[in-house]
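Student: What follows is a single structure, and I will ask about it in a moment.
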Amino acid sequence: MEGCSARNRVFSFLCRHDQSSRPEIAQALSLSMPTVLKASRELLDRGLIYEAGELASTGGRKARALSCRGRCRHAVGVDVTRGHISFVLVDVQGQIVQSRRIQRPFVLGAEYAEGISREVKALLRESRTPGSSVLGVGVSVPAIVDTQGSRIEDSHVLSLADVPLERLVGALPYPCTLLNDADAAAAAQVHGQGEVTDLVYLSLSGSVGGAVYVDGRPYRGQNQRAGEFGHMCVQPDGKACYCGKRGCLDAYCSSHALSSHAPDGRLETFFSLLDAGVPEAQGAWLTYKKALLTAINSLRMVLDCPIVLGGYVGAQLAGRMDEIRLDAAALNTFETDCDYILPCHHRYEASALGAALHFIDAFISGV
């Protein structure tokens, strides 16, 4: 057990670093040199790492550099939305090897499932990735998913209930699993970031959702509904939400609340208009921001942890964080420094990436 644990720790370390020497690994992981030598030899024998030449001398014999063989294993992530499907191929180091997005309205049925299967196979073929290296396919959906990742329990966005995974992926010859889209995006956010304790991920996309991390682990709640921030009421008797209620955060902070004010319906165009000082864009942003700040402040008061702004809108907010933090401070009872509000790390295809990382992380933890 001790040897297996050391091997896993060494491999995990090398997955996060371009290269390192055995002495550096021993020091970083507080392992003995004999333990690191044994673990690295086993990883070399399995073809998971390789010797990448010599490091610069620091006085004395040059140390051999070890590197992870990134493309020794892969996973595919698929993000299903109402209007498009995203695909990413990810290597064992969590790097996106290839990606593609296709515009396709969601319609449950054999043709849609066959389309996903066909696109996954094309992604592997075009990237020259052998099927034998594929650990699995993670499918991200805007839905409440069962604990086994095998069934959509409910999705207002896709108008689905009680739908098994097989009806989405067809006959793919790999292990497959379902993940909630916001949970997947949050997993991409925390991947490789070191020790994560508590965190809220607020996903601001075509629908609003999120995820909560407590003590470094996702908290999903009694009914797998933790993080359904889109259905917090921010305005009693306010705008109608797609769920049938009124005043939900989703009605105010979905990406459509902004993109609908752009002539071409694109979020990027909206923010260009906002930067140019167009009055309609400015008015829409003030309305959007008011509801967003209400949600941020409520989440901070309840959970008292960092809040990451992700999703399609979050990807556009890196240059507006000072503005958002300053406005958030005016609402916060306890804090004037709102550095707890953070931009997302992955601006594009975060949900697809997180879905793929489900299999990558499982593989790394089992080495």
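Bear in mind that the values in this text are calculations on the coordinates, not laboratory data. Quantities reported herein were computed from a predicted structural model and do not represent experimental measurements. With ideal geometry, Cβ positions are generated from the backbone for all residues, glycine too; neighbour counts draw on all protein chains shown.
Student: Would you check if there is a residue in the stretch 160-169 being of a type outside the set (A, V, I, L, M) and in a loop (DSSP other than H, G, I, E, B)? Show your work before the answer.
Tutor: Taking the stretch 160-169 first, the residues of a type outside the set (A, V, I, L, M) are 162, 164, 166-167.
Next, from what is left, pick out any that are in a loop (DSSP other than H, G, I, E, B): none.
No; the residues of the stretch 160-169 include none that is of a type outside the set (A, V, I, L, M) and in a loop (DSSP other than H, G, I, E, B).
Each row is one residue, and each column tells you yes or no for (1) over 21 Å from G319 (Cα atoms); (2) in a helix (DSSP H, G or I); (3) under 25 Å from the mean Cα position of the chain (by Cα).
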{"residue": "C243", "(1), (2), (3)": "yes, no, yes"}
{"residue": "L273", "(1), (2), (3)": "no, yes, no"}
{"residue": "G283", "(1), (2), (3)": "no, yes, no"}
{"residue": "K289", "(1), (2), (3)": "no, yes, yes"}
{"residue": "L293", "(1), (2), (3)": "no, yes, yes"}
{"residue": "N297", "(1), (2), (3)": "no, yes, yes"}
{"residue": "M301", "(1), (2), (3)": "yes, yes, yes"}
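Student: Against the conditions (1) in a helix (DSSP H, G or I); (2) of a type outside the set (F, W, Y); (3) free of Cβ contacts under 8 Å to residues at least 12 places away in the same chain, where does I364 fall short? Just the number, please.
Tutor: The number of the failed condition is (3).
Student: On to the next question. Does R246 satisfy being surrounded by fewer than 16 Cβ atoms within 10 Å (Cβ to Cβ) and touching a Pro at 6+ places or on another chain (Cβ under 9 Å)? Explain how you work it out, then say what you get.
Tutor: Details: surrounded by fewer than 16 Cβ atoms within 10 Å (Cβ to Cβ): yes; touching a Pro at 6+ places or on another chain (Cβ under 9 Å): yes.
In short, yes.
Student: Can you tell me which residue within the stretch 313-358, out of those that are touching a residue at least 40 places away in the same chain (Cβ under 8 Å) and more than 13 Å from the chain's Cα centre (by Cα), is farthest from V169 (Cα to Cα)?
Tutor: Y340
Student: Got a number for residues in the stretch 98-135 being farther than 30 Å from D162 by Cβ, of a type in the set (A, V, I, L, M) and surrounded by 17 or more Cβ atoms within 10 Å (Cβ to Cβ)?
Tutor: 1
Student: Select, from L158, L179, L202, the only residue that is aliphatic (A, V, I, L, M) and farther than 23 Å from F106 by Cα.
Tutor: Answer to the selection: L202.
Student: Within the stretch 289-306, which residues are under 22 Å from A187 (Cα atoms) and surrounded by fewer than 21 Cβ atoms within 10 Å (Cβ to Cβ)?
Tutor: L299, V302, L303, D304, C305, P306
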